[in-house]
There are 2 protein chains.
Amino acid sequence: MSNYLVMKFGGTSVGSSERIGEVAKRVVRQVKKHGDKVVVVVSAMSGETNRLIELARKVAGDGYKAREYHQLVTAGEQVSVALTAMAIEREGLPAQSLLAHQIPIKTNTVFGQNLISEIPVDKLKSLLDRGIVPVVAGFQGVNDSLEYTTLGRGGSDTTAVAVAAALDSCRCVILTDVDGVYTALPSICKKARKLKALTYEEMLELASSGAKVLQTRSVSLASKFKVPTLVCSSFSDAAGTEIVEEYEGMEDAVVSGITCRTDEAKITLRNLPDQPGVAARIFKVLGDAEVVVDMIVQSEGSSGRAAISFTCAQEFSKVAYDAMLKLIQQEMSESSIELDTNIAKLSVVGEGMRTHAGVAYKVFEVLGEEGINVDMITTSEIKISVAIEEKYSELAVRVLHERFIERPES
Amino acid sequence: MSNYLVMKFGGTSVGSSERIGEVAKRVVRQVKKHGDKVVVVVSAMSGETNRLIELARKVAGDGYKAREYHQLVTAGEQVSVALTAMAIEREGLPAQSLLAHQIPIKTNTVFGQNLISEIPVDKLKSLLDRGIVPVVAGFQGVNDSLEYTTLGRGGSDTTAVAVAAALDSCRCVILTDVDGVYTALPSICKKARKLKALTYEEMLELASSGAKVLQTRSVSLASKFKVPTLVCSSFSDAAGTEIVEEYEGMEDAVVSGITCRTDEAKITLRNLPDQPGVAARIFKVLGDAEVVVDMIVQSEGSSGRAAISFTCAQEFSKVAYDAMLKLIQQEMSESSIELDTNIAKLSVVGEGMRTHAGVAYKVFEVLGEEGINVDMITTSEIKISVAIEEKYSELAVRVLHERFIERPES
């Protein structure tokens, strides 16, 4: 292992001049105590990105172009990197802030998402070799014309992991306002406990199922490049959660965590024509409308005609509903459509599920005992997700947590 | 004349989302009504640059590096250009914001000042030819490593004039919170009136003598490249002040304007050795300390030993004083030093002074009648400046304004 280390600080961690001072002290301690060659990645000061988006909304409603949105919001990270570099210098180490175009962090646009395509490390290595701490703006990228792009909400995590992946055998520490990854959200489930370690795949399933600790894309990247990643608090020295390829006893517990997200909506199409290709037609139309579909259930109706339900993010639900309504009116005039935003998606995740059977059965059993109806279900090798009525979501998390985490032997 | 036009809006003019909306309307009106190919240049929203500098001060005291200061404060213009481009689009014209590194506006550093060395216009022209309004970030520059530099307080004026100079025969309009250049500061002198026109040289003398309407450097640039420049209000349609090579009747009035600045300090060295080269030694030391000296007076003392007084900006006065004190202690032990920050520098400016004699005499006479002692004096072909006690500054402006502007025939 080299002694390269990327330390990423989130918006709350750099939320004020005092906190930026604390960040600087922590970075300097790391460098001086461990001799690490540290690259710092920071987000915008908390609240700043929202302030800028609100200004844009006041000026232009919702009608602004992506290009100008990116020019605008990247100013947030520009401020925080410069201040963080100043603070590190004040603590006695030379530092230099770097914006996306100064490295450059190049991105490609794929299906409306900006993905990092390249991070040359010459400049970073040259600074590190001279004992200078590079302070890299998270969230920012540039395209080939050096126009700013952005990596989505939480994109600084992805910047941090991508920088670590670009440097040889570099570790990555995500310092945030929570002290690690929990078995469930502690605000819902008092008995939730912090996990010592998770595999990349577990973290990926948890992040994409609603755990907000890390941006999902940053976890895929860490997994792809095998970047050892640690999530811990920037406000304490408590041990955090390690995210690694494998850890000791990783299959001992069947379930590592339980998540819940309530930001999806369900659309149901009933009385569909009983013809081959109807489902394909529906999802082709949704794809053309750029709606990302999550869960899908197809069922036989009583009259022999089919019904299809699917979920998508609530923010896309209006687009999806309108597209489906148009489709029905034009091509399937006997069918009906229904939109339900009161759903919750619960996910039970764990490496142990690869080797333990019967988890799905237990999920149904536990929820059934509480009178909670399971509406839809999807599974992966290490995850089971179910859609239920939103009002039961906290209760469902607690009973599943009790069953799988608190007394797994039962 | 081409139909290129640079419209520059200052910080107050883009100080809120509503005002940015007004700016957009004005730009669109100009394009639609006159068919002009308009390049917009904007400053940071008013208060923003100060907010960022205050953050830097909180984080790092005064100890931060110029490089990080530039990274920090240029974020202000990044926000305002993006918002202005959004607002122009909302008013129905395509627009694109451009940061310094995206054009690029290249600067060289000369004696601690960043001077624009090059503005390639390919990108600007290509946008204009396609009917897209470029919205350029004022104040920002980049060096060869694409690191941000800044053009000093009021530097957006210089950006605007430099962009106009780079485009073929392009006019420049500076839209600001005053509606033109006045014969004196209206807050001091109620009878001050707006000037219809000024020569570049008059404006240059006024700007460098304390008129805050335009950054001095922008006027030199306009003069050098003969950029026709108009100063007017962004809040009204009142006619502004034209700044041109020559205007009709420009020598009719002896004096065009009277300015006053109170941000200078005077240092006096007494009982200096009566040797050749003493003055040279003094100003060599000041030059090495990067102190820019303004007025200089050398006089014979009573004992035959010389005295030298000079003024410089108050912000440099401590550096200048310390350098002089050290010089005296080391090389001129019998000499003494004195610092006076209670001085005002009054300037009387006018193209007419080229052909009218006796202005200096009248200045002394008018001030003498009020019992105001003239301490130092410097002149140029079209300017007379005097240093007086600061407490008399407003009175002096009023009596000089009355004598030269209100009843010039007397």
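The values are calculated or read from the model by the stated rules, or taken from the named source; none is laboratory data. Just so it is clear, the model here is predicted, and its values are computed rather than measured. Note that we place each Cβ from the backbone using ideal geometry, even for glycine, and neighbour counts take in every protein chain shown.
Within the range B:110-123, work out how many residues are in contact with a helix residue (DSSP H, G or I) (Cβ under 9 Å, 6 or more places away or on another chain) and either away from chain A (no Cβ under 14 Å) or within 26 Å of residue B:65 (Cβ to Cβ) (or both). Let's see the steps before the verdict.
Keep residues of the range B:110-123 that are in contact with a helix residue (DSSP H, G or I) (Cβ under 9 Å, 6 or more places away or on another chain), which gives B:112-116, B:118-121, B:123.
Next cut, either away from chain A (no Cβ under 14 Å) or within 26 Å of residue B:65 (Cβ to Cβ) (or both) only: B:112-116, B:118-119, B:121.
Qualifying residue count, the range B:110-123: 8.
In this structure, is residue B:145 farther than 22 Å from residue A:59 by Cβ and either away from chain A (no Cβ under 14 Å) or at pLDDT below 95 (or both)?
Numbers: farther than 22 Å from residue A:59 by Cβ: yes; either away from chain A (no Cβ under 14 Å) or at pLDDT below 95 (or both): yes.
So residue B:145 fits the description; yes.
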Can you pull out every residue in the range A:161-183 that is over 30 Å from residue A:397 (Cα atoms) and assigned to a loop (DSSP other than H, G, I, E, B)?
A:167, A:168, A:169, A:170
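Looking at B:378, B:311, which is the one that is in contact with an Asp or Glu (Cβ under 6 Å, 6 or more places away or on another chain), in contact (Cβ under 8 Å) with a residue 60 or more places away in the chain and not acidic (Asp, Glu)?
Details: B:378 fails: in contact with an Asp or Glu (Cβ under 6 Å, 6 or more places away or on another chain).
Of B:378, B:311, the one residue that is in contact with an Asp or Glu (Cβ under 6 Å, 6 or more places away or on another chain), in contact (Cβ under 8 Å) with a residue 60 or more places away in the chain and not acidic (Asp, Glu) is B:311.
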Does residue B:73 qualify as being assigned to a helix (DSSP H, G or I), among the β-branched types (Val, Ile, Thr) and closer than 22 Å to residue A:81 by Cβ?
yes
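Here's the yes/no breakdown for (1) more than 30 Å from residue A:200 (Cα to Cα); (2) β-branched (Val, Ile, Thr); (3) modelled with pLDDT of 90 or more:
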residue: A:323; (1), (2), (3): yes, no, yes
residue: A:331; (1), (2), (3): yes, no, yes
residue: A:335; (1), (2), (3): yes, no, yes
residue: A:345; (1), (2), (3): no, no, yes
residue: A:354; (1), (2), (3): no, no, no
residue: A:358; (1), (2), (3): no, no, no
Please determine whether any residue of the range A:150-164 is within 14 Å of another protein chain (Cβ to nearest Cβ) and farther than 20 Å from residue A:79 by Cβ.
no
Meets criteria (in contact (Cβ under 8 Å) with a residue 60 or more places away in the chain and surrounded by fewer than 19 Cβ atoms within 10 Å (Cβ to Cβ)) for residue B:336:
yes
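Restricting the range B:5-26 to residues that are over 21 Å from residue B:155 (Cβ atoms) and not acidic (Asp, Glu), which is surrounded by the most Cβ atoms within 10 Å (Cβ to Cβ)?
Initially, the range B:5-26 is screened for residues over 21 Å from residue B:155 (Cβ atoms), giving B:16-18, B:21-22, B:24-26.
Narrowing the set further to residues that are not acidic (Asp, Glu) leaves B:16-17, B:21, B:24-26.
Numbers: B:16: 14, B:17: 18, B:21: 20, B:24: 28, B:25: 14, B:26: 22.
Selected residue: B:24.
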All positions within the range B:1-41 that are polar (S, T, N, Q) and either touching a helix residue (DSSP H, G or I) at 6+ places or on another chain (Cβ under 7 Å) or part of a helix (DSSP H, G or I) (or both)
B:13, B:17, B:30
Check residue A:280 against each of (1) hydrophobic (A, V, I, L, M, F, W, C); (2) farther than 28 Å from residue A:405 by Cα; (3) buried (at least 18 other Cβ atoms within 10 Å of the Cβ) and name the one condition it does not meet.
(3)
Filter result (surrounded by fewer than 24 Cβ atoms within 10 Å (Cβ to Cβ) and acidic (Asp, Glu)) within the range B:45-91
B:48, B:54, B:62, B:89, B:91
Look at the range A:55-109 and say how many of its residues are under 26 Å from the mean Cα position of the chain (by Cα), at the interface with chain B (Cβ under 8 Å from one of its Cβ atoms) and among the basic types (Lys, Arg).
2
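Out of the strands (runs of 3 or more DSSP E) lying entirely within the range A:287-380, which hold 1 or more residues that are acidic (Asp, Glu)? Let's see the steps before the verdict.
Values: elements: A:293-300, A:306-313, A:336-340, A:343-349, A:376-380.
Answer list for the range A:287-380: A:293-300, A:336-340.
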Given the criterion touching a Pro at 6+ places or on another chain (Cβ under 7 Å) and crowded, with 20+ Cβ neighbours inside 10 Å, identify the matching residue among A:137, A:192.
A:192
Give just the number: which of (1) modelled with pLDDT under 95; (2) within 22 Å of residue B:101 (Cβ to Cβ); (3) within 11 Å of another protein chain (Cβ to nearest Cβ) does residue B:49 not satisfy?
(3)
Could you check residue A:252 against (1) among the acidic types (Asp, Glu); (2) over 21 Å from residue A:158 (Cα atoms); (3) outside any loop (DSSP other than H, G, I, E, B) and say which number it fails?
(3)
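Is at least one residue of the range B:42-49 part of a helix (DSSP H, G or I) and over 25 Å from the mean Cα position of the chain (by Cα)? Steps first, please.
First, pick out the residues of the range B:42-49 that are part of a helix (DSSP H, G or I): B:48-49.
Subsequent filtering for residues that are over 25 Å from the mean Cα position of the chain (by Cα) retains none.
No, every residue in the range B:42-49 fails to be part of a helix (DSSP H, G or I) and over 25 Å from the mean Cα position of the chain (by Cα).
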Could you check the range A:59-68 and list, in sequence order, the residues that are part of a helix (DSSP H, G or I) and either in contact with a strand residue (DSSP E or B) (Cβ under 8 Å, 6 or more places away or on another chain) or more than 13 Å from residue B:82 (Cβ to Cβ) (or both)?
A:67, A:68
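This table checks each residue for (1) within 18 Å of residue A:146 (Cβ to Cβ); (2) in contact (Cβ under 8 Å) with a residue 60 or more places away in the chain; (3) in contact with a Phe, Trp or Tyr (Cβ under 8 Å, 6 or more places away or on another chain).
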residue	(1), (2), (3)
B:112	no, yes, no
B:119	yes, no, no
B:123	yes, no, no
B:127	yes, no, no
B:130	no, no, no
B:138	no, yes, no
B:144	yes, no, no
B:149	yes, yes, no
B:154	no, yes, no
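Being under 19 Å from residue B:174 (Cα atoms), free of Cβ contacts under 8 Å to residues at least 60 places away in the same chain and buried (at least 21 other Cβ atoms within 10 Å of the Cβ): is that true of residue B:231 here? Give the derivation first.
Numbers: under 19 Å from residue B:174 (Cα atoms): yes; free of Cβ contacts under 8 Å to residues at least 60 places away in the same chain: yes; buried (at least 21 other Cβ atoms within 10 Å of the Cβ): yes.
Judged against the criteria, residue B:231 is a match.
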If a residue must be more than 13 Å from every other protein chain (Cβ to nearest Cβ) and over 25 Å from the mean Cα position of the chain (by Cα), how many such residues does the range B:124-142 contain?
6
Please verify whether residue A:168 is in contact with a strand residue (DSSP E or B) (Cβ under 6 Å, 6 or more places away or on another chain), in contact (Cβ under 8 Å) with a residue 40 or more places away in the chain, surrounded by fewer than 24 Cβ atoms within 10 Å (Cβ to Cβ) and away from every other protein chain (no Cβ under 14 Å), treating the condition exactly as stated.
no
